[in-house]
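Worksheet for the structure shown next.
The values are calculated or read from the model by the stated rules, or taken from the named source; none is laboratory data. As the structure is a prediction and not an experimental result, all values here were calculated from the model. All Cβ positions, even for glycine, are placed from backbone atoms using ideal geometry, and neighbour counts span all protein chains on display. The protein model used for the area step is the full one, side chains on, heavy atoms only, and it has no ligands, DNA or RNA in it. Shrake-Rupley method; radii C 1.70, N 1.55, O 1.52, S 1.80 Å.
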Amino acid sequence: MSELKSDQFEMRRLESLSNTIFGVAMTLLAYDLPKAAVFTSAPGWSDLAQVYSGKLAGFALSFIIAGVFWISHHRRLARQPVGSRGMVILNLFFLLSIVLLPVTNGLYTNYAMSSAVAVLYGLHLTAIAGLNAWLWWTIVGSSVREMMPSLFPLLVFIPGTIVAAFAPRIAPFVWFIAFGGILIQRFYVAQGEAEV
């Protein structure tokens with residue numbers, strides 16, 4: 001590789017940092033699960049289901065979201081071997097949003113029926129999706145075909161957050177639709193490549 005200019009950075013170093021951040025954040029999502037309840041005697045199946053069913057659902061949602069954004073981040077960095085200082089800073093803000101995921105997930109799994117907590121969690125998911133879409137836009141520009149997979153989660157998290165304000169129980173079902181972005185990427189972009 002040729003000599004880097006003073007304002008350029010190798011993105012593979014950022015990829016190493018991001019792998020660590022995603023790994024730690026995804027692990028920390030499960031950190032508080034064992035502390036969810038203190039049983040005075042050996043718990044039965046119904047006790048375990050009552051305590052952990054909502055927490056495991058919140059954990060699964062956040063883990064899958066983090067995984068989907070890790071895949072997107074990995075694909076994006078593979079397309080951009082060198083980045084500017086601004087690009088690195090924007091990526092660091094994206095990684096900061098991932099670091100905070102265990103915090104909002106912990107709040108959400110403990111107080112999912114609170115509309116304030118559900119909205120906070122939804123705003124956080126929206127921020128992650130927005131930063132991801134912004135990063136993709138810096139690489140692919142205005143190509144709608146290539147932007148659609150990164151825009152789809154953003155277009156789902158915004159109304160999901162509005163739903164969370166009025167019906168926090170329904171919001172997770174809306175947020176799960178965001179994983180359709182993977183299908184869009186798989187078929188919509190693949191179809192465009194076949195046409196070329």
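Observations, loosely collected:
- Working ranking of peptides 41-49, 126-134 by packing, defined as the average number of other Cβ atoms within 10 Å per residue, highest first, is 126-134, 41-49.
- Degrees between helix 85-99 axis and first principal axis of the chain (Cα, 0 to 90, nearest 10): 10 degrees
- The chain: angle of helix 101-110 to the longest principal axis, Cα-based, in degrees nearest 10: 20 degrees
- Net lengthening on full extension, Asn110/Ile177 (0.36 nm per residue, minus Cα-Cα): 21.9 nm
- In degrees, nearest ten, helix 115-140 long axis to first principal axis of the chain (Cα): 20 degrees
- Accessible surface for the chain, divided over its residues, is 56 Å² per residue with a 1.4 Å probe.
- Calculated Cα Rg over 2.2 N^0.38 Å (choose from (i) 1.07; (ii) 1.15; (iii) 0.94), label: (ii)
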